[in-house]
Amino acid sequence: MRVGELSPAQLQGRLAAEGIDLRTGGFVCRIRSPLDVVAENLSLLYADFVCEEPRGFADFHVAITPPRGLRRWWRPQVLFRFDDRVPFKPLPAGQAFPMMEWGLNWCISNHAHRYLILHAGVVERAGVALVLPAPPGSGKSTLTAALVVHGWRLLSDELGLVDPVDGRLHPLARPVNLKNNSIGVIRERAPDTVFSAPFHDTSKGTVALMRPPSDSVKRSGEVVRPAWVISVRYEPGAAARLSPVGKGKMFMRVADCAFNYSLLGPDGFGILGAMIDACDCYDLHYSRLDEAIAMLDALEPPSPTGPTAG
Amino acid sequence: MKRSGSWRVNAGFDLLWHSWGDEHVVYHCGSGDTHLLDAAATGLLRYLREARVATMDDLSLPVAAALGMPADEALEYTGNLLEELERLSLVEPNPR
């Protein structure tokens, strides 16, 4: 069953009771919440996602709930619970849904160590993946969203999951997290795409979530070979330019952006080295999305190669 | 600058490599650190790994040949490289 097949009352009822088992890529997240705002946004943004049969296996058990205490009558807050633990400080109740999104990212980046997990946007065209590793504020999510609206398949706007065995990327197509000016920029390019209402005054400023394309959600089981690793930097007023980067330098940058590179030790070194081997590496500086997209559309993938570990 | 004694690759831990042209990354299995090295540092480290132990003079000769440097300049350059590699715990003075 898909989330969109549940009526608002059914979805709200299940969230408030046993929870829903939401499949996102290779993970099942059991989500519970009594809050209307969580049910409404799940219905809006996750309509195409599979809702597994209740009481099966779930990788992560989370709840988005109001804390107890008198404060809730004056300044209502919300907690993210993971296995009935509270890993974060509460946030204002109006930020319940972004908190759920950030919490789910945290669950994966802190626990799914069967993958090398990169902080990266990942999109696919013609059977090969473009990896956009970058720290926050680089324009990675904006470019990822713009590429998806333009027709590239979304694997993730935030987490690149690299398979340790074959180096392929596992999809995790979830709503795309847009911040501040990017919200209007992407809305303008995608007038028919569904967005959440903006959530104001979060730690990242104003954020809004873009519903992932149905095709990306339906193809969440299709892993992809990486072809390009591109460091993105948004530079106001700059003409778009794509320059080759040495693979050693790119290796270090991607390792810096990975959540669990150190934890995986020599395995992480091997997995990342094989990925860099297989990819062409570039720096992309841009200010106008159309120029950047045209450059990325024109890229030819490298032919598959073997690793050069020593 | 390091001038005296002999040198060896840091004992007891493996080093893992990936190489692309003149750029090399090395993973130190003891510290868990990864370092980006240029061709000169990599050449010195690989030479030392193969030779097991080498003096500054031993090491500066191939450096001079590879980089086309006069002997005294190569000696200083090699000393600085060794200092840097020692700081990264990749090489250490040979105790014997």
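The values are calculated or read from the model by the stated rules, or taken from the named source; none is laboratory data. This is a predicted model, so every value here is computed, not measured. Counting neighbours? That spans all protein chains shown, and the Cβs are built from the backbone with ideal geometry, glycine included. Only protein heavy atoms, including side chains, enter the accessible area calculation; ligands, DNA and RNA are left aside. Shrake-Rupley method; radii C 1.70, N 1.55, O 1.52, S 1.80 Å.
Things to note:
- Sole residue being among the β-branched types (Val, Ile, Thr) and without any contact (Cβ under 8 Å) to a residue 40 or more places away in the chain, chosen from A:223, A:245, A:229: A:245
- Residue satisfying condition, being buried (at least 17 other Cβ atoms within 10 Å of the Cβ), polar (S, T, N, Q) and away from every other protein chain (no Cβ under 14 Å), within set B:60, B:19, B:4: B:60
- Contact map, the range B:27-40: first residue more than 9 Å from every other protein chain (Cβ to nearest Cβ), second residue assigned to a loop (DSSP other than H, G, I, E, B) and open to solvent by less than 30 Å² (accessible area, probe 1.4 Å), Cβ cut-off under 7 Å, separation 6 or more or different chains; pairs are B:28/B:90.
- Of all residues in the range A:28-60, those satisfying the criterion of being in contact with a Leu (Cβ under 9 Å, 6 or more places away or on another chain), among the small types (Gly, Ala, Ser) and closer than 17 Å to residue A:5 by Cβ are A:39, A:43.
- Single residue of A:38, A:62 found to be within 19 Å of residue A:16 (Cα to Cα), touching a strand residue (DSSP E or B) at 6+ places or on another chain (Cβ under 6 Å), assigned to a helix (DSSP H, G or I) and at pLDDT 95 or above: A:38
- When residue A:183 is tested against (1) surrounded by fewer than 20 Cβ atoms within 10 Å (Cβ to Cβ); (2) modelled with pLDDT of 95 or more, just one condition goes unmet, and that condition is (1).
- For the range A:201-310, the helices (runs of 4 or more DSSP H) that sit wholly inside it and include 1 or more residues that are out of contact with any Asp or Glu (no Cβ under 8 Å at 6 or more places or on another chain), under 29 Å from residue B:16 (Cβ atoms) and within 14 Å of chain B (Cβ to nearest Cβ) are A:247-257, A:261-264, A:266-278.
- Taking the range A:203-237 as the range and being more than 30 Å from residue A:303 (Cα to Cα) and open to solvent by less than 10 Å² (accessible area, probe 1.4 Å) as the test, the residues that pass are A:207, A:208, A:209, A:210.
- Residues (closer than 19 Å to residue A:59 by Cα and charged (D, E, K, R)) located in the range A:1-29: A:2, A:14, A:18, A:21, A:23
- The listed residue being within 21 Å of the chain's Cα centre (by Cα) and among the polar types (S, T, N, Q), out of A:243, A:214: A:214
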